[in-house]
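Visitor: Below is the structure I would like to discuss, written out as structure tokens.
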2 protein chains.
Amino acid sequence: MTIRPAISQDRESILDIFMEIIAAGETFALPQNLSRASALAFWCADENTVFVCEERGRILGSYYLKPNHSGPGSHVANAGYIVADGERGKHIGRTMAEHSIDQARQLGFRSMQFNLVVSTNESAVRLWRQLGFAIVGTLPGVFRHPSRGYVDAYLMFMDLISP
Amino acid sequence: MTIRPAISQDRESILDIFMEIIAAGETFALPQNLSRASALAFWCADENTVFVCEERGRILGSYYLKPNHSGPGSHVANAGYIVADGERGKHIGRTMAEHSIDQARQLGFRSMQFNLVVSTNESAVRLWRQLGFAIVGTLPGVFRHPSRGYVDAYLMFMDLISP
């Protein structure tokens, strides 16, 4: 299992994974009926650095890393992660997350921030905490979950430069 | 002093105000050297509803209102406000803020959120608190202030539907 920068030939594989996750509507604040073109524009936006997790030629997951804001906010990294359905339990998410934190440090980001971690996404919340992220804010009812209604989301943050 | 929806003829006036605020670099997470075209694209993005504050034919300020996220996050409003330099003390910011909260309610938003209120922008923080916003998170050092270095920013939130 290796993590490498995405190339254009990875796009359909990334989209296959991402479209299923968008359609489930449980983790990303994107319309469940988002088009493939819009999903690609989101994941591979100009400011995003995109990586894939590959095993024997198959794409198992992907993540993007980008500045959370521009200008005076460009030293804070933001990222998004997707793992193929049926590939859970292989620690793909954790492997990509650790890789992204290393990358963020290498790219000179001073901290890393997730703006909207859906509270019902417990495995993600647990993983981010294990990796050093802290919940620095709770946003009440900001995410409309398809089966659980309005649920809270967390703002999660990690310093990358303090020892 | 009236607040009304912006029309295309307001654009240069809005940009005159906005470009000065961007160049100061103290409140918006946008590059200080942002082009006028990019500033216009930011302020008048497709998803934004833009209003201006006008007095005797002069534009004194503007604000935009938009969904903070799409899909499952589209019931939360976000907004940005600018006031012309030299027009402070007329409560233009407060008047626009109150108008925007009313508008957000009318448009069916359930809450309103500011993602990055620079902590050194004390008058804004005070105003938002007076209007009912709470600081729900503090982001350490996420804003590079031109004279004060890395300063904190607040995540501010207001429920629009609770009595």
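Values in this text are rule-based calculations from the coordinates and carry no lab data. This one's a predicted model, so the numbers in the text were calculated from it and none came from an experiment. Note that we place each Cβ from the backbone using ideal geometry, even for glycine, and neighbour counts take in every protein chain shown.
Visitor: Work out the length of the dipole vector of the protein assembly as shown about its Cα centre, built from +1 on the beta-carbon of each Lys and Arg and -1 on the beta-carbon of each Asp and Glu, and round it to the nearest 20 debye.
Guide: The calculation lands at about 400 debye.
Visitor: Per-residue Cβ counts within 10 Å, from other chains only, averaged over B:130-142: what number is that?
Guide: Other-chain Cβ atoms within 10 Å of each residue's Cβ, averaged: 4.
Visitor: With the label 7 angstrom out along Cα to Cβ, how close does B:Q130 come to the same site in each of the other copies, in nm, nearest first?
Guide: Nearest first, the other copies' label points are 4.9 nm away.
Visitor: Now for a separate question. Counting other beta carbons within 10 Å of each residue's own, what order do A:S38, A:S111, A:S123 fall into, fewest first?
Guide: Listed from fewest to most nearby Cβ atoms, that is A:S123, A:S38, A:S111.
Visitor: Right, here's the next one. What does the convex hull of the alpha-carbon atoms of the stretch B:2-159 project to on average, in nm²?
Guide: Convex hull of Cα atoms, orientation-averaged projection: 9.1 nm².
Visitor: Given Cβ point charges of +1 (Lys, Arg) and -1 (Asp, Glu) and nothing else, what value in debye, to the nearest 20, does the dipole of the stretch B:2-159 about its Cα centre take?
Guide: 200
Visitor: Classify the stretch A:89-133 as rounded, prolate or oblate from the Cα gyration tensor: take a ≥ b ≥ c as the square roots of its eigenvalues, call it rounded if a/c is under 1.5, otherwise prolate when a/b beats b/c and oblate if not.
Guide: In terms of gyration-tensor shape, oblate.
Visitor: In addition: Starting from the Cα of B:D152, step 7 Å along the direction of its Cβ; do the same at A:N33; then give the gap between the two resulting points in nm.
Guide: So the two model labels end up 4.4 nm from each other.
Visitor: Can you list which of the trypsin sites (Lys or Arg not before Pro) found in the stretch A:1-95 are DSSP loop residues with at most 14 other C-beta atoms within 10 Å?
Guide: Hits after loop and neighbour filter: A:R56, A:R88.
Visitor: I would also like to ask the following. So how far apart, in nm, are the two label points at B:S8 and B:D102 if each is 7 Å from Cα heading toward Cβ?
Guide: Computed distance between label sites B:S8 and B:D102 equals 2.9 nm.
Visitor: While we're on this one: Each residue of the stretch B:86-102 in turn: what ³J(HN,Hα) in whole Hz from Karplus with 6.51, -1.76, 1.60 and θ = phi - 60°, glycine and Pro shown as x?
Guide: x, 10, 6, x, 9, 6, 5, x, 5, 4, 5, 4, 4, 4, 5, 5, 4
Visitor: With a cut-off of 8 Å between alpha carbons and a minimum separation of six or more residues, what is the relative contact order of chain A in percent?
Guide: Normalised by residue count, the contact order of chain A is 18 percent.
Visitor: With label points built 7 Å along Cα→Cβ from the Cα atoms of A:D85 and B:E55, find their separation and express it in nm.
Guide: Simple spin-label model gives 5.8 nm for this pair.
Visitor: Here's a follow-up. For A:H145, B:H69, which order do you get if you count the other beta carbons within 10 Å of each Cβ and list the fewest first?
Guide: Listed from fewest to most nearby Cβ atoms, that is A:H145, B:H69.
Visitor: If Lys and Arg each add +1 and Asp and Glu each add -1, what is the summed charge of the other residues whose beta carbon sits under 11 Å from the beta carbon of B:C53?
Guide: 0
Visitor: If I take the rotation axis that carries chain A onto chain B, which residue of chain A has the nearest beta-carbon, and at how many angstrom?
Guide: Closest to the rotation axis on chain A: A:G137, 1.
Visitor: Shielding of A:22-32 by partners, i.e. mean partner chain Cβ atoms within 10 Å per residue?
Guide: The shielding value for this peptide is 3.
Visitor: Given only helices, namely DSSP H runs of n ≥ 4 each adding -39500 (n - 2.57), what is the per-residue ellipticity at 222 nm of chain A, to the nearest 500 deg cm²/dmol?
Guide: About -9000 deg cm²/dmol.
Visitor: Something else now. When each copy gets a label point 7 Å from Cα toward the beta-carbon at A:K90, what are the spacings between them in nm, shortest first?
Guide: Distances between equivalent label points, in nm: 6.3.
Visitor: Hey, another quick one. Shortest first and in nm to one decimal, what separations exist between B:E20 and its copies in the other chains, measuring from label points 7 Å along the Cα-to-beta-carbon line?
Guide: From this label point to the equivalent ones elsewhere in the assembly: 5.5 nm.
Visitor: Another question, then. Report, by chain and number, residues whose modeled amide H sits under 5 Å from the one on A:H69, excluding near sequence neighbours (fewer than 5 apart, same chain).
Guide: A:V76
Visitor: If you don't mind, there's one more thing I want to ask. Sticking to Cα atoms, compute the Rg of the protein assembly as shown to one decimal and its Dmax as the biggest Cα-Cα distance, whole number, in Å.
Guide: 20.4, 69
Visitor: OK, next. Let me know the mean shielding of B:72-79 by other chains, meaning the per-residue number of their Cβ atoms within 10 Å of its Cβ.
Guide: Counting Cβ atoms of other protein chains within 10 Å of each residue's Cβ and averaging gives 6.
Visitor: Going by C-beta contacts inside 10 Å, put B:D16, A:D10 in order with the fewest on the left.
Guide: Lowest count first: B:D16, A:D10.
Visitor: Using alpha carbon centroids, what distance separates the stretch A:1-39 and the stretch B:1-42, in Å?
Guide: After rounding, the separation between the Cα centres reads 34 Å.
Visitor: Pick from B:A77, B:A37, B:A124: which is most flexible by mean-square fluctuation in a GNM of chain B where alpha carbon atoms under 10 Å apart are linked?
Guide: In this elastic network of chain B, the residue with the biggest mean-square fluctuation among B:A77, B:A37, B:A124 is B:A37.
Visitor: Still on this structure, I have one more. Specify which residue in the list B:N68, B:I82, B:G132 is farthest towards the positive end of the charge dipole of the stretch B:66-133, using unit charges on the beta carbon of Lys, Arg (+1) and Asp, Glu (-1), about the Cα centre.
Guide: The residue sitting farthest along the positive end of the dipole is B:G132.
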